[in-house]
Amino acid sequence: MDGNRRYAKKLSVKTSDGHSKGFDKLSETLKWCLDLGIPEVTVYAFSIENFKRSDEEVNALMDLARDKFQRLLDAMDQINDWGVRIHVAGRMSLLPLDLCKMVSQAMLATRHNNKLRLNIAYAYTGRDEISRAASQIADGVNHEDITTYDINEELVSQALDLGPPELLIRTSGEVRLSDFMLWQTANTVLYFSDALWPEFTVWNLLLAIIHFQRYAPPPLPQKDNNGNQDEFLQKLEEKRLQQLKNYIECSS
Amino acid sequence: MLSRLIRQVLFVLLHLVTVNNEVMTVLGHVPLITKELKHLVVLVDTDHHTLTDLARVVIWSLVFGISYVSFYDITGKLQKDEENLFVEVEKQKKGIPGCIKWSDKPNLNGYSNGIPANTISVNILSYNDGRPKIIKCLQQISQDKTLSIRSSDEFTSQELDRTLKTIYPSIPDPNLVLYSGPLCCTHGLLPWHIRLTEFIQISIDHSINVNNYLGALYKYNKCDLRFGK
């Protein structure tokens with residue numbers, strides 16, 4: 001979701017207005033994806049690098065996130081009705097505690113929904129995601145849940161926050177990944193659209209999908225997990241679940 | 001015998017004329033493309049690209065002043081052909097000033113007539129340089145306690161980067177990836193190193209020539225980096 005600020009500049013409105021237009025576009029796009037029957041959508045909302053922006057802008061973005069997550073929590077019945085699962089990917093410890101708590105609540109409350117999984121990459125970079133997975137794996141060997149020989153590409157892929165996407169759309173004419181899903185995109189169709197994110201239309205989305213349908217490469221071969229790996233991954237999931245519960249408790 | 005000799009002489013002359021023309025074209029554009037370009041990667045599909053295409057990319061890049069050019073071997077056939085690519089580059093290099101470095105092959109030097117000449121390193125990369133190499137690094141970390149020292153529960157990307165740097169040769173992150181054809185895909189190219197890399201299409205029909213090469217560099221020149229700001 002790139003181009004909010006350029007959009008604001010183009011229309012001579014405040015940067016924060018651009019960001020909030022960008023958020024509206026997100027809900028619109030999700031609706032299109034639901035209608036099209038796409039089961040998993042991931043958006044890159046906030047990079048760890050974005051913390052380097054001015055305090056004013058970072059605070060405004062955190063406020064925007066607080067506001068949206070609050071509204072999301074208020075509309076939980078509707079979200080459960082749609083069957084949307086919300087998953088936030090990123091280094092949560094970098095977020096303000098109150099936001100962390102809201103995020104955890106949203107993730108826990110929707111975790112059994114299975115119609116559409118919405119991943120929001122927040123306080124995220126692809127390198128950071130790999131680094132966190134690497135730490136969990138190193139700990140797994142330390143605790144003798146797995147051995148060094150259990151470490152393979154499939155294990156890392158499954159220990160990450162985000163699964164491999166088939167199609168990645170980058171808006172606003174940028175032609176780089178900007179540290180997004182670095183590990184997962186080995187077999188992904190990268191589609192670059194010139195539209196600024198707030199101006200992204202259903203036609204842009206459909207063009208991307210048609211391009212994907214036409215040129216998608218064949219899937220990569222997959223190895224099955226062994227028992228150790230399965231057990232380790234299950235433990236990891238439980239650990240992450242517990243972490244979310246801790247966030248809710250420690251801030252209440 | 002004589003006719004063969006004449007043919008060879010003619011061939012060399014023809015080669016010098018066409019290659020030098022291209023070199024002059026590239027040289028003319030060097031001052032106009034100002035954005036730093038240290039490491040260029042070409043996604044090579046051996047079904048479409050010839051060794052001559054690739055050798056010419058090396059020559060243009062040498063003249064342009066790019067320090068590293070890497071060919072990413074999508075089909076797995078280029079690595080087997082490395083020797084022939086080297087020979088082809090050697091052929092194309094005749095009369096061009098500058099030095100071409102190849103990991104396990106002799107340097108190709110040339111006359112520089114006192115003008116400071118460029119140096120370029122050529123590498124062939126494959127899928128195994130990406131994820132499998134990171135896996136090796138993670139295995140090392142899991143075995144060696146000194147490598148798993150971290151400031152908090154989980155590595156920061158800077159911490160893991162330090163360990164990864166020890167197993168990767170000191171080649172800068174790619175600035176630009178050139179791909180041909182309608183599909184843009186990393187095919188597993190160096191996942192750790194491509195976070196800021198620009199992906200630019202050189203041609204839709206897989207052709208590689210000096211014009212679309214320069215066109216791609218111009219597109220690259222227009223991309224601006226904001227580092228998240």
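The values are calculated or read from the model by the stated rules, or taken from the named source; none is laboratory data. Not measured: the values here are computed from a predicted model. FYI the Cβ positions are ideal-geometry reconstructions off the backbone, even for glycines, and counts take in every protein chain you see. Just so you know, the surface numbers come from the protein's heavy atoms only, side chains and all, with ligands and any DNA or RNA stripped out. Shrake-Rupley method; radii C 1.70, N 1.55, O 1.52, S 1.80 Å.
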Quiz item: Where q = 0.10, 0.12, 0.17, 0.20 Å⁻¹, what log10 of I(q)/I(0) comes from the Debye formula for the range A:78-222, counting one point per Cα?
Solution: -0.45, -0.65, -1.22, -1.39
Quiz item: Based on the Cα gyration tensor of the range A:89-169, what are the three equivalent ellipsoid semi-axes, each the root of five times an eigenvalue, rounded to whole Å and given largest first?
Solution: 25, 17, 14
Exercise. Just grab the label-to-label distance for B:T50 and A:E28, each label 7 Å out from Cα along the Cβ direction, in nm (one decimal).
Key: 5.0
Quiz item: So if we plug the beta-carbon distance of A:R111 and B:T75 into 1/(1 + (r/R0)^6) with R0 = 56 Å, what FRET efficiency do we get, rounded to 0.05?
Solution: 0.85
Quiz item: Roughly what would the spin-label model give for B:R150 and B:N20, points 7 Å off Cα along C-beta, in nm?
Solution: 5.9
Quiz item: Roughly how many Å² is the accessible area per residue of the range B:47-155, as a whole number, for a 1.4 Å probe?
Solution: 48
Quiz item: Which whole-number percentage describes the relative contact order of chain B, with Cα contacts under 8 Å and a sequence gap of 6 or more?
Solution: 22
Practice problem: Quick one: work out the % antiparallel among DSSP beta bridges in the range B:27-145, nearest 5. | Solution: 10
Quiz item: Residues of A:135-146, mean number of Cβ from any other protein chain within 10 Å of their own Cβ, rounded to a whole number?
Solution: 4
Practice problem: List the residues of the range B:121-168 whose accessible area drops by at least 40 Å² when all protein chains are present, compared with their chain alone, using a 1.4 Å probe and counting only protein heavy atoms. | Solution: B:R131, B:I135, B:L138, B:Q139, B:S142, B:R150, B:E154, B:F155, B:S157
Quiz prompt | Tensor-based shape of the protein assembly as shown (alpha-carbon gyration tensor, a/c under 1.5 rounded, otherwise prolate or oblate) | solution = prolate
Quiz item: Please report, for the Cα atoms of the range A:1-113, the Rg to one decimal and the Dmax as a whole number; what are they, in angstrom?
Solution: 14.7, 43
Exercise. Report the equivalent ellipsoid semi-axes for the range B:148-229 in whole Å, largest first, defined as the square roots of five times the eigenvalues of the gyration tensor built from alpha carbon atoms.
Key: 32, 14, 11
Quiz item: Can you work out the FRET efficiency for the pair A:L167 and B:R7, with r the C-beta to C-beta distance and R0 = 35 Å, to the nearest 0.05?
Solution: 0.10
Exercise. For the range A:34-53, list whatever residues lose no less than 10 Å² of accessible surface once every protein chain is in place, relative to that chain by itself, with the probe at 1.4 Å.
Key: A:E49, A:N50, A:K52, A:R53
Quiz item: Along the Cα-to-C-beta direction of A:K52, a point sits 7 Å from the Cα; which residues of the range B:170-203 have their amide N less than 17 Å from that point?
Solution: B:173-175, B:193-198
Self-check item: Where labels lie 7 Å past Cα in the beta-carbon direction, separation of A:N226 and B:T119 in nm
Solution: 4.6
Quiz prompt | A:R111 accessible area, 1.4 Å probe, all protein chains in place, Å² to nearest 10 | solution = 80
Quiz item: Buried accessible area for the A:B pair, summed, 1.4 Å probe, in Å² rounded to 100?
Solution: 4000
Quiz item: Given R₀ = 30 Å, FRET efficiency for B:E36-A:D17 by Cβ-Cβ distance, to 0.05?
Solution: 0.30
Quiz prompt | Greater than 27 Å apart at Cα, pairs in A:K14/A:K245; B:K101/B:K133; B:K77/B:K145; B:K35/B:K91; A:K14/B:K38 | solution = A:K14/A:K245; B:K77/B:K145; B:K35/B:K91; A:K14/B:K38
Quiz item: Once amide H atoms are built 1.01 Å from N in the peptide plane, which residues 5 or more positions from B:G130, or in another chain, come under 5 Å H to H?
Solution: B:L190
Quiz item: Can you give the accessible area per residue of chain A, in Å², using a 1.4 Å probe?
Solution: 49
Exercise. With all protein chains present, calculate the accessible area of A:Y191 using a 1.4 Å probe and round the result to the nearest 10 Å².
Key: 40
Quiz item: On average, how many beta carbons from a partner chain sit within 10 Å of the beta carbon of a residue in A:183-195?
Solution: 4
Exercise. Report the accessible area of A:T125, computed with a 1.4 Å probe over the heavy atoms of all protein chains in place, in Å² rounded to the nearest 10.
Key: 10
Quiz prompt | Pairwise Cα inverse-distance average, inverted: Kirkwood Rh of chain A (Å) | solution = 19.4
Quiz item: For A:E40 and A:E238 in the same chain, what is the full-extension length gain: residue separation times 0.36 nm, less their Cα-Cα distance, in nm?
Solution: 69.1 nm
Quiz item: Roughly speaking, what % of Cα-Cα pairs in the range A:142-252 are separated by over 22 Å, rounded to a whole number?
Solution: 53
Quiz item: Using +1 on the beta carbon of Lys and Arg, -1 on that of Asp and Glu, and nothing else charged, what's the dipole of the protein assembly as shown about the Cα centre, debye to 20?
Solution: 1340
Quiz item: Taking the alpha carbon gyration tensor of chain B, what are the square roots of 5 times its eigenvalues, largest first, to the nearest whole Å?
Solution: 36, 20, 17
